[in-house]
Amino acid sequence: MEAQFAQWRHYVQRRPELQRSDADELEDHLRGCVDELVSVGLRADEAFLVAVKRMGRLDDLSREFAREHSERLWKQLALTGESNSLGAEIRSRGDLLAMVVCAAGAAASVKVPELFGMRLAEDGWFYGPNASLFALPWLAAFLAWRRQARRPLIGILALFMLGAVAANAYPLANTSQSVVITSIHLPIALWFVVGLAYVAEDWRSSRRRMDFIRFTGEWFVYFILIALGGGVLTAFTAGTFQAIGIDPEKFITQWLLPCGAAATTVVAAWLVEAKQSVVENIAPVLTRLFTPLFTAVLLAFLVAIVWTSAGINVEREALILFDLLLVVVLGLLLYSISARDPLAPPGLFDKLQLPLVLGALAIDVLVLLEITGRITEYGTTPNKAAALGENVILLANLAWSTWLLLRFVRRRTPFAALERWQTGYLPMYAAWAWIVVLAFPPLFSYV
Amino acid sequence: MKVAKDLVAASATPMVLGILTEGKSYGYAILRRINRLSGGELDWTEGLLYPLLHRLERLGYVESSWQSVTGERRRKYYRITDNGLAELAEQRRQWDTVVDALKEIWLGPGDVRPLTAIPLEGRAGQR
C-alpha cells in the first residue's frame, strides 16, 4: 500500500507545476479518500484505485495548478525559491555557503599583494601573470568541495604551485614579451587544472570531460552576463558619487573591478552548477545561431581572397586574430557536439558544419604558409612561436575533426568517435599552455 | 443534474470562505462538506479546490499551516483571515442581491411573465 503511495507521489513530483508541498497536500487528500472508502467496506487496494480515479487525470490537475502558479514554469534559481526536497535544500545551502566563502576568498586574494607593497595601477608586470592565480584556485576549491574529491587534491595544489612558480620565478624584465605571453597562457593552463577539479576522480572519462566543456561554455556565458550587470553597477556608482562631488574612480579601479571579477569567476561556476538541470543550456543555442553566420563569413572571406588575389598581411595581431578565429570555429564545433544526441543520425546541421570547418582550415593553411615564410626570413620571437604553436595544434584538431565529420556524415563512423577525439585532445591544449609558460622564457633567454 | 461550470466557479470562493468561517479545515474535509451540503450535486474536483485555496492564500483571504497527522503524513490546514471575512461579507452582499432578484423573478407576486426579458433585449440591441 505504501509502495503504491510512493509511486503515486513519484508521478506527482515529476510535474514541474506540482511542488513538494502540493504533493503532500494531495497525498493527504488521497489518504483521506482511501480511509473513507475503507470505512464503508472496500479493501485497501480497491480503495486506492477508486481514490486515484476520483482525483482525475494528473494532466488536468497540473493544468489547473499551472494556472494559479504560472511562476513555477519559469524555473527559479536556488537563491530564494523553495527546493523540492529536503536533502537538496541542505545541499544547496551548503553550496551557497561554500560559494560565498570561495568568492570572498578570491576577492580578498586580489588585495593581498598590496600588503607587500604592490600597487595594481603601477605593478602590471606582477598582476598580469598572477591574475589567474588569485581567482582560479578558489574556483577549483569550490568545485573540489562540491565533488568531495580528495585524491586529486594534491595534484591540483601542486599544479597551482607550479603556476605560481612559472609566473614569478623567472628573471623577466618588466616590459618583456614573455610577461605578456605568460599572462595569456597561464590562465589557460590553470583553467585545465580547474577542469581537473571539475572532473575529479574520473578524469579519464570522455563523458566527464565533455561535461567540463559544457561547464566552460556555460561559465563563460554567465561570466559575461554578470560582467554586464557589473558594468551597470559601475556606471551608477561613478555617476551618483560624482554627482555629490566624490570621485569614486579609485574605488572602482582598485576595488570594485578587480575584486568583482575575481569573485565572479566563482559565482558564475556556482550558477552553472546550481542550474545545470534547470534551464536549457545557452551555449549550444548560441552555437546553432552562429554556425551558419560564421560559415557565411568564412566562405565570403575565402572568395574575397581568391577574387582580389591579395595575400594575407600577417602581422602579429593578424596572427592572433586568426588563432582566435580557429578557437571560435573549434568552439562552434565543440558546443554543437556537446548538445548533440550521440545516437541521432547525421542531419542538416552536421552537414552545415563541414563548410565551416573546411573554410577555417583553408584560411588557416594560407596563414600558416605566410607566417612560416616570415619566420624563416626574420627569425622568431616568443610571440610568433607561441602563436604558431597554437595554430598548428588547432589545425591538427580541425583537420582530423573534418575527417571524422565527413565520415560521420557519410555514416562510416559513429558520432561518438568525433566526441572522443575532441575530449581526448583536451590535454594537448593544456600541455602546450604549460610548455609556453614554463619553457618559453628560458628558451628565448628571458626576452 | 449537473451545475454549469461557470456557476460552480463563481460560487466557489464564497463557499470555501463560508465553510472556513466555521473553523479551520483542510482540503479533503472542505470537499466532503461541499458535497454533503449540496446533496452530492456539487462535485468539485481537486483541480478546482486546491488551486483555489492557493489563490485565496496568495490574496491573503486565508492562511495555512502544516500539522502532522499520523506518522509521516502532513496535513495543510486553512484558516480564514480578517481580510477573508471582509471579502466574504462583500461577496455575500453581491450574492444576496443576485439571489433576491432571482427569487423575485421566480417566486415573485402576481403572474409570472417570462417575456419581460424581450424589451430589455430590444433596448440593448438599439444601442
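What follows is calculated from the coordinates using simple rules that are stated; it is not laboratory data. Predicted model only: the values in this text are computed from it and were never measured. In this analysis, Cβ positions are derived from the backbone assuming ideal geometry, glycine residues included, and neighbour counts consider all displayed protein chains.
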Q) Given charges of +1 on the Cβ of Lys and Arg and -1 on the Cβ of Asp and Glu, with all other atoms neutral, how large is the dipole of chain A about its Cα centre, in debye to the nearest 20? A) 1160
Q.
Can you show me the helix-derived [θ] at 222 nm for chain A, built from DSSP H runs with n ≥ 4 at -39,500 (n - 2.57) apiece and divided by the number of residues, rounded to the nearest 500.
A. -26500 deg cm²/dmol
Q: Using only Cα atoms, find the angle between the long axis of helix A:44-55 and the longest principal axis of chain A, and express it within 0 to 90 degrees, rounded to the nearest 10.
A: 70
Q) Which whole-Hz couplings ³J(HN,Hα) result when phi for each residue of the range A:375-390 is put into the Karplus expression 6.51 cos²θ - 1.76 cosθ + 1.60, θ = phi - 60°, listed in order with x for Gly and Pro? A) 5, 5, 7, 10, x, 10, 10, x, 4, 5, 4, 5, 4, 5, x, 4
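Report, in listed order, any pair from A:Lys53/B:Lys76; B:Lys2/B:Lys103; A:Lys275/B:Lys76; B:Lys5/B:Lys103 with a Cα-Cα distance greater than 26 Å.
On the way: A:Lys53/B:Lys76 22 Å; B:Lys2/B:Lys103 21 Å; A:Lys275/B:Lys76 30 Å; B:Lys5/B:Lys103 22 Å.
Correct reply: A:Lys275/B:Lys76.
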Q: Collect residues whose amide H, placed 1.01 Å from N in the peptide plane, falls under 5 Å from the amide H of B:Arg75; neighbours closer than 5 in sequence don't count.
A: B:Gln67, B:Ser68, B:Val69
Q: Evaluate peptide B:44-54: per residue, the Cβ atoms of other protein chains within 10 Å of its Cβ; return the mean as an integer.
A: 6
Q. Taking springs between alpha-carbon atoms closer than 10 angstrom, which of B:Gly108, B:Gly71, B:Gly23 fluctuates most in the Gaussian network model of chain B?
A. B:Gly71
Q. Taking amide H positions as placed 1.01 Å from N in the peptide plane, with prolines and chain starts having none, which residues 5 or more places from B:Tyr26, or on another chain, fall under 5 Å of its amide H?
A. B:Tyr78
Q. Between B:Thr45 and residues 5 or more places away or on another chain, which pairs have amide H atoms under 5 Å apart, with H built 1.01 Å from N, and which residues are they?
A. none
(Q) As a footprinting exposure proxy, order A:Leu325, A:Leu18 by other Cβ within 10 Å, with the fewest listed first. (A) A:Leu325, A:Leu18
(Q) Cut-off is 10 Å between beta-carbons; in what order do A:Ile371, A:Ile320 appear when sorted fewest neighbours first? (A) A:Ile320, A:Ile371
Q. When a footprinting reagent is the concern and you count Cβ atoms within 10 Å, what order do B:Tyr50, A:Tyr446 take, fewest first?
A. A:Tyr446, B:Tyr50
Q | Hz values of 3J(HN,Hα) by residue in the range A:180-189 - Karplus curve (6.51, -1.76, 1.60), Gly and Pro given as x | A | 5, 5, 5, 4, 7, 8, 4, x, 5, 4
Q: Return the Rg/Rh value of chain A, two decimal places, where both radii are evaluated on C-alpha atoms and Rh is the Kirkwood radius.
A: 1.06
Q) How big is D for chain B, in µm² s⁻¹ as a whole number, if Stokes-Einstein is applied with the Kirkwood radius of its Cα pairs at 10 °C and 1.306 mPa s? A) 93
Q | Shielding of B:27-38 by partner chains, average beta-carbon count, 10 Å | A | 2
Q | In sequence order, calculated HN-Hα J values of the range B:39-48 (Karplus, 6.51, -1.76, 1.60; Hz; x Gly/Pro) | A | x, x, 6, 8, 10, 6, 9, 5, x, 8
Q) How many angstrom lie between the C-alpha centres of the range A:208-227 and the range A:116-174? A) 20
Q.
Using only Cα atoms and rounding to the nearest 10 degrees, what angle (0 to 90) does helix A:2-13 make with the longest principal axis of chain A?
A. 50
Q.
With a 10 Å cut-off between alpha carbons and a GNM built on chain A, which of A:Ala385, A:Ala200, A:Ala238 moves the most?
A. A:Ala238
